[in-house]
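See below for the structure under consideration.
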Amino acid sequence: AQTTQTNWGELIRAAATNASLKHTYWPEIERVVAEQIRSARMGLGKGAWQLFVEDGEMKMYRREVEEDGLVVDPLKATHQVKGITGRELCHYFFYPEYRYDWEGTLETMNVVDKIAEDTIVFHQIHKRIWPAAQRDATFWSHLTHVPDEENKSEDSPHIWATVNSSVELPSHPPNGGKQVRIYLTIILMGQTIISPAAKGRELKRDDITCKITYCAVVNPGGWAPSSVLRAVYKREYPKFLKRFTAYVIEKTKNLPIKL
Ligand code: 18C
């Protein structure tokens, strides 16, 4: 058993840019990112997770939770994809220039504030699902990396993560437009596994596998019929993870490997 607790905050700070560290959001970013990494790494742990999608290496689990009559079911998904690194995975998820390529739920995306190379604030309007009202979201997004505990040698690749978490913006008050504001906390995490056969020679894409963990809690913010909502996420989460990972494979296949 692990006796010492990893200080995720310290590791996240070590990876952050100065501009992020100096920003008023930083204490919250550090707290939320640390908490998300801790729980993503815990695996399924004790909670009563039920498997609801299985497709090859991709597995999706949920817990049925309602708050004030709204479905807020937490999702935890794991996947394994050959040929990409955790860093590449998180790069395409984080940077706004790629988002319209892979995000199928998007109507519009705006960068509200580029705080730093590793922290961006977004306003997104999502597609409407009948009969519910259209949704929007404002959130910061932070890209980070931490050493891999299971693989402590100095040159082993870090675990990369992007965390998205809702934030209130005076410039974009909730329910100011015709959308209902949703509240989200999401982590996408990628651990790169290098095949032992690659030792001592040049690394090829065939030698690497990315172990992915994606966790999401989305509060719909206002009325949405439970059965429709559960049917929507059951369709949309797998669609996202498959489409997004296929996109990263396609984008990187002829590029040098970025560990
Ligand atoms: O993590 C993902 N994307 C990130 C970058 O965009 C970011 C955004 C997450 C917000 C996703 C929630 C969007 C809900 C909007 C409605 C869905 C429209 C579907 C359109 C179908 C054509 O972190 C990847 C996200 C993968 C998709 C997740 C879907 C989750 C649905 C949760 C329900 C939310 C309430 C929906 C309103 C009521 C519907 C009856």
Among residues of region 208-259, those that are more than 16 Å from Phe52 (Cβ to Cβ), out of contact with any helix residue (DSSP H, G or I) (no Cβ under 9 Å at 6 or more places or on another chain) and either crowded, with 18+ Cβ neighbours inside 10 Å or among the basic types (Lys, Arg) (or both), counted = 2
Take the residues of region 55-70 that are part of a strand (DSSP E or B) and within 19 Å of the chain's Cα centre (by Cα): which is nearest to Ile182 (Cα to Cα)?
-> Arg62
Inspect region 23-46 for any residue being part of a strand (DSSP E or B) and either away from the ligand (no atom under 13 Å from the Cβ) or within 28 Å of Asp207 (Cα to Cα) (or both) and give the result as yes or no.
-> no
Can you tell me which residue in region 161-219 is farthest from Ala137 (Cα to Cα), limited to those that are among the hydrophobic types (A, V, I, L, M, F, W, C) and outside any strand (DSSP E or B)?
-> Ala197
Evaluation of Asp148 against (1) part of a loop (DSSP other than H, G, I, E, B); (2) modelled with pLDDT of 95 or more; (3) closer than 18 Å to Ile12 by Cβ (one fails), failing number = (2)
Are any of the residues in region 211-222 over 19 Å from the mean Cα position of the chain (by Cα), within 16 Å of the ligand (Cβ to nearest atom) and free of Cβ contacts under 8 Å to residues at least 40 places away in the same chain?
-> no
If we scan region 125-135, do we find a residue that is more than 7 Å from the ligand (Cβ to nearest atom) and under 26 Å from Glu30 (Cβ atoms)?
-> no
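Results for (1) more than 24 Å from Gln124 (Cβ to Cβ); (2) crowded, with 17+ Cβ neighbours inside 10 Å; (3) touching a His at 6+ places or on another chain (Cβ under 7 Å); (4) modelled with pLDDT of 95 or more, shown as yes or no for each residue.
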{"position": "Lys22", "(1), (2), (3), (4)": "yes, no, no, yes"}
{"position": "Ile29", "(1), (2), (3), (4)": "no, yes, yes, yes"}
{"position": "Phe52", "(1), (2), (3), (4)": "yes, yes, no, yes"}
{"position": "Met60", "(1), (2), (3), (4)": "no, yes, no, yes"}
For region 79-96, does any single residue satisfy the condition of being within 28 Å of Pro225 (Cα to Cα), polar (S, T, N, Q) and at pLDDT 95 or above?
-> no
Considering Asp101, Asp73, which residue is in a loop (DSSP other than H, G, I, E, B), surrounded by fewer than 21 Cβ atoms within 10 Å (Cβ to Cβ) and in contact (Cβ under 8 Å) with a residue 40 or more places away in the chain?
-> Asp73
List the number of the failed condition for Phe139; all other conditions in (1) away from the ligand (no atom under 11 Å from the Cβ); (2) over 29 Å from Ile257 (Cα atoms) hold.
-> (1)
What single numbered condition from (1) under 15 Å from Glu103 (Cα atoms); (2) within 8 Å of the ligand (Cβ to nearest atom) fails to hold for Thr245?
-> (2)
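The values are calculated or read from the model by the stated rules, or taken from the named source; none is laboratory data. In this text the structure is predicted, and so the values were computed from the model without any measurement. Note that we place each Cβ from the backbone using ideal geometry, even for glycine, and neighbour counts take in every protein chain shown.
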